[in-house]
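Here the structure is laid out as structure tokens; the discussion comes afterwards.
Any read-out appearing in this document is the output of simple, stated calculations on the displayed coordinates, not a laboratory observation. Everything numeric in this text was worked out from a predicted model, so none of it was measured. All Cβ positions, even for glycine, are placed from backbone atoms using ideal geometry, and neighbour counts span all protein chains on display.
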Amino acid sequence: MQHGLKAANYPLIPEDFERRQLPPPALVPHRKKIFGLTISPERLSEIRSERRPDSRYASLQNCRHEVAEAEAMMRRAGIRWLSSTTKSIEEIATTILQEIRPERLVY
């Protein structure tokens, strides 16, 4: 918790990609508070290969599909997002705080 804000991580799951939309009950009502993160498919594949080498989950083709679909879902839902591929956690947090301007949010 920083600046009096609480943050949660909502990972997209295979069912989200099959539906091609964000899960409405969980996320859509909070759209103004949501900020998405993406990553280059190559970097995602590297990270996943450390967890599960030689798996479909870690394959570059699967990572390309998931990143493209996640970005498309965020675009369709009007959710702001940025790439975390080359940013530190501090840079990500600063960018998000500048973008969402938390003083304007209703909790």
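Output the number of residues of the stretch 37-87 satisfying the condition of being of a type outside the set (A, V, I, L, M), touching a residue at least 24 places away in the same chain (Cβ under 8 Å) and in a loop (DSSP other than H, G, I, E, B). Lay out the reasoning, then the answer.
Taking the stretch 37-87 and keeping what is of a type outside the set (A, V, I, L, M), we get 38, 40-43, 45-46, 48-57, 59, 61-66, 69, 71, 75-76, 78, 80-81, 83-87.
Within this subset, residues satisfying the condition of being touching a residue at least 24 places away in the same chain (Cβ under 8 Å) are 38, 40-41, 43, 65-66, 69, 71, 76, 78, 80-81, 83-85.
Keeping just the survivors that are in a loop (DSSP other than H, G, I, E, B) gives 40, 78, 84-85.
Number satisfying all stated conditions: 4.
Would you please name the residue that is surrounded by the fewest Cβ atoms within 10 Å (Cβ to Cβ), looking only at residues in the stretch 39-58 that are hydroxyl-bearing (Ser, Thr, Tyr) and touching a helix residue (DSSP H, G or I) at 6+ places or on another chain (Cβ under 7 Å)? The extreme case among them is 57.
Rundown of residues vs (1) closer than 11 Å to residue 44 by Cα; (2) surrounded by 15 or more Cβ atoms within 10 Å (Cβ to Cβ); (3) of a type in the set (Val, Ile, Thr), yes/no style:
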residue: 69; (1), (2), (3): no, yes, no
residue: 76; (1), (2), (3): no, no, no
residue: 79; (1), (2), (3): no, yes, yes
residue: 97; (1), (2), (3): no, no, no
